[in-house]
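Read through the structure below, which is laid out as structure tokens, and then see the notes.
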Amino acid sequence: KVTTTTLGMSGSDESEGMPSSPLDRPVLSLIDATSIFIFAAVGKASHSPDGSLDIAAVLLTALPFLLSWFVVAPLMGCYKPGATADIKGSVIEVGKGWILAIPLGCVIRGLIKGYVPPVPFVIVTLISTLIILSLGRVIYTALAEVYVEMF
């Protein structure tokens with residue numbers, strides 16, 4: 001029987017108690033990184049007079065959030081084997097990383113920019129990243145379940 005573990009989708013660490021590295025789940029890590037880039041790109045485009053994207057600005061905006069995500073999320077269990085066992089659980093697990101990583105990303109961004117981020121930026125960041133990261137995890141989990149059931 002094919003499972004998400006045999007597909008390399010649930011990490012190499014079989015112990016639920018031990019955090020797994022994003023390197024153990026490269027597809028999931030790519031989806032998380034893409035989610036953060038989407039957040040940064042939408043934000044930058046919304047502040048551009050003509051809606052265009054400056055890729056360097058998107059990368060600089062995403063960087064503190066990527067850094068905080070890939071440091072905090074593994075410690076919070078976001079890459080453990082069971083983190084994407086089912087759709088509801090995948091949203092709960094991503095929330096565990098989000099609740100610490102995204103505020104930390106706001107702090108890091110503030111330090112880089114040299115000022116405290118405005119409250120509306122923090123609120124929009126918290127809401128939009130939770131939605132985008134959760135959506136990425138739901139899609140990943142749903143597709144993994146379908147793929148496993150096909151085999």
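The values are calculated or read from the model by the stated rules, or taken from the named source; none is laboratory data. All figures in this text were calculated on a predicted structure; none of them were measured in a lab. Here the Cβ is made from the backbone with ideal geometry for all residues, glycine too, and neighbour counts use every protein chain on show. Heavy atoms of the whole protein, side chains included, go into the accessibility calculation; ligands, DNA and RNA do not. Shrake-Rupley method; radii C 1.70, N 1.55, O 1.52, S 1.80 Å.
Could we say that Lys96 is modelled with pLDDT of 95 or more and either in contact with a strand residue (DSSP E or B) (Cβ under 6 Å, 6 or more places away or on another chain) or under 18 Å from Thr129 (Cβ atoms) (or both) here? When the stated conditions are applied, Lys96 passes them. All conditions in (1) open to solvent by 40 Å² or more (accessible area, probe 1.4 Å); (2) at pLDDT 95 or above; (3) farther than 16 Å from Val122 by Cα hold for Val107, with the sole exception of (3). Of the numbered criteria (1) closer than 27 Å to Ala142 by Cβ; (2) touching a Gly at 6+ places or on another chain (Cβ under 9 Å), the one Ile102 fails is (2). For the stretch 61-69, the condition of being modelled with pLDDT under 95, within 18 Å of Lys113 (Cα to Cα) and either touching a Pro at 6+ places or on another chain (Cβ under 7 Å) or among the aliphatic types (A, V, I, L, M) (or both) holds for none of the residues. Candidates in the stretch 72-82 are the residues that are in contact (Cβ under 8 Å) with a residue 60 or more places away in the chain and either among the hydrophobic types (A, V, I, L, M, F, W, C) or not in a helix (DSSP H, G or I) (or both); of these, the one that is most open to solvent (accessible area, probe 1.4 Å) is Lys80.
Yes or no: Ile132 in a helix (DSSP H, G or I), at pLDDT 95 or above, open to solvent by 90 Å² or more (accessible area, probe 1.4 Å) and not polar (S, T, N, Q)? Here the answer is no, as Ile132 does not meet what is asked.
Need pairs with beta-carbon distance below 7 Å; first residue over 19 Å from Thr34 (Cα atoms) and touching a residue at least 24 places away in the same chain (Cβ under 8 Å) and within the stretch 104-129, second surrounded by 14 or more Cβ atoms within 10 Å (Cβ to Cβ) and among the hydrophobic types (A, V, I, L, M, F, W, C); sequence gap 6+ or separate chains. Cβ pairs passing all conditions: Ile108/Leu67. Checking each residue in the stretch 63-108 for being small (Gly, Ala, Ser) and over 11 Å from the mean Cα position of the chain (by Cα) picks out Gly77, Gly82, Ala83, Ala85, Gly89, Ser90, Gly105. Taken residue by residue, the stretch 52-66 has at least one member that is open to solvent by less than 80 Å² (accessible area, probe 1.4 Å) and in contact (Cβ under 8 Å) with a residue 60 or more places away in the chain. Selection of the stretch 110-125 for residues being in a helix (DSSP H, G or I) and surrounded by fewer than 16 Cβ atoms within 10 Å (Cβ to Cβ) yields Leu111, Ile112, Lys113, Val119, Pro120, Phe121, Ile123, Val124.
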